[in-house]
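S.K.: There's a structure below that I have some questions on.
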Amino acid sequence: MKKASSLSELGFDAGDASSGFFRPVAGDGGATPTSASHRRRLTKVSVIGAGNVGMAIAQTILTRDLADEIALVDALPDKLRGEMLDLQHAAAFLPRTRLVSDTDLAVTRGSDLAIVTAGARQIPGESRLNLLQRNVALFRKIVPPLAEHSPEALLLIVANPVDVLTYVAWKLSGFPPNRVIGSGTNLDSSRFRFLLAEHLDVNAQDVQAYMVGEHGDSSVAVWSSVSVAGMPVLKSLQASHHCFDEAALEGIRRSVVDSAYEVISLKGYTSWAIGYSVASLAASLLRDQRRIHPVSVLARGFHGIPPENDVFLSLPARLGRGGVLGVAEMELTEEEARRLRRSAKTLWENCQQLGL
């Protein structure tokens with residue numbers, strides 16, 4: 001028997017198959033209303049890259065009922081079809097969502113949100129610049145067609161190095177900067193909040209704490225604004241624990257930065273946390289939630305970053321259906337601002353080497 005994902009692929013003509021089961025209710029004047037006349041606008045999300053991260057994102061968006069249609073794109077057709085079928089077979093347990101897949105980016109046409117997880121993996125001994133150049137080459141094949149097929153879409157970059165690749169996607173798409181966003185330090189901030197919540201014995205959702213700057217080694221933990229129930233945390237911790245000195249704070253920041261490496265060393269990759277992180281961003285964007293997330297945005301002019309440097313890095317941003325609706329003018333200590341500018345300088349130097 002032919003392998004198929006629908007009865008129509010097995011030779012059954014779908015036509016108006018439901019007419020044999022359901023009788024329409026007549027509208028005013030005896031007319032029968034059509035479903036199209038009452039149909040709301042459907043929401044479509046595309047995920048480019050069906051690896052561990054991409055599929056965790058797709059699965060989380062699916063279970064949270066954030067999209068009416070999810071399109072999956074990958075270069076490996078057999079794996080791609082297998083992933084799609086695996087999700088389709090769970091249809092009886094999930095919200096009604098149409099799942100489609102293809103190696104051709106045309107399947108993403110009409111997307112409201114396009115999420116890019118595809119990226120080149122670093123080869124042992126390969127320089128950072130060479131890896132970046134290979135990712136630029138890959139993005140040249142992905143981003144322009146995405147923009148062509150969905151010219152009004154929001155573009156959410158997850159592939160690493162996310163800040164530089166968000167800059168690349170902005171340049172290649174021609175989109176305004178409010179519609180090109182990187183997942184940035186949204187997950188780093190969650191890891192930061194988790195560590196503090198465990199220590200304070202509170203729910204992580206009640207901890208206000210941000211990691212900003214690069215999603216990587218030069219990220220900045222904004223200790224000056226960490227709070228629980230409106231109370232400043234750092235002052236209380238330093239008053240009750242003499243060990244909370246500068247070295248200890250840097251150790252906690254380093255633990256946040258290195259946590260992904262620990263997960264990778266234990267299970268081979270990260271997936272679930274980034275899946276939930278990106279789904280939270282998708283919810284804020286698609287449902288116009290106006291929530292604040294630390295994500296990679298065009299940061300020129302903020303906190304002393306030169307206005308001529310088109311650098312993308314993470315700052316707390318208000319997200320909604322229009323993308324980035326604004327960036328919070330958060331108060332930083334002089335040391336935090338200095339570290340943020342240093343992070344921006346490193347990222348901008350990398351961007352300048354790409355020749356875009």
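S.K.: Inside the range 144-162, can you point out the residues that are at pLDDT 95 or above and either buried (at least 24 other Cβ atoms within 10 Å of the Cβ) or under 15 Å from the mean Cα position of the chain (by Cα) (or both)?
M.R.: Correct list: 146, 153, 154, 155, 156, 157, 158.
S.K.: Which residue out of 269, 276 is out of contact with any Gly (no Cβ under 6 Å at 6 or more places or on another chain), hydroxyl-bearing (Ser, Thr, Tyr) and not in a helix (DSSP H, G or I)?
M.R.: Matching residue, one of 269, 276: 269.
S.K.: Those residues that are touching a residue at least 24 places away in the same chain (Cβ under 8 Å), of a type in the set (Ser, Thr, Tyr), more than 21 Å from residue 278 (Cα to Cα) and not in a helix (DSSP H, G or I), I need them from the range 187-228; list them, please.
M.R.: 218
S.K.: From the set of residues in the range 116-151 that are in a helix (DSSP H, G or I) and polar (S, T, N, Q), which is nearest to residue 182 (Cα to Cα)?
M.R.: 135
S.K.: Please verify whether residue 218 is over 26 Å from residue 346 (Cα atoms) and surrounded by 13 or more Cβ atoms within 10 Å (Cβ to Cβ), treating the condition exactly as stated.
M.R.: no
S.K.: Here's another thing I want to ask about it. Got a number for residues in the range 131-143 being of a type in the set (A, V, I, L, M), surrounded by fewer than 16 Cβ atoms within 10 Å (Cβ to Cβ) and at pLDDT 95 or above?
M.R.: Residues flagged as of a type in the set (A, V, I, L, M), surrounded by fewer than 16 Cβ atoms within 10 Å (Cβ to Cβ) and at pLDDT 95 or above within the range 131-143 amount to 0.
S.K.: Report yes if some residue within the range 307-330 is of a type in the set (Gly, Ala, Ser), in a loop (DSSP other than H, G, I, E, B) and without any contact (Cβ under 8 Å) to a residue 24 or more places away in the chain; otherwise report no.
M.R.: Looking through the range 307-330, none of the residues is of a type in the set (Gly, Ala, Ser), in a loop (DSSP other than H, G, I, E, B) and without any contact (Cβ under 8 Å) to a residue 24 or more places away in the chain.
The values are calculated or read from the model by the stated rules, or taken from the named source; none is laboratory data. The model shown is predicted, which means the values in this text are computed figures rather than measured ones. Heads up, the Cβs are rebuilt from the backbone with ideal geometry, glycines too, and the neighbour counts pull from every protein chain shown.
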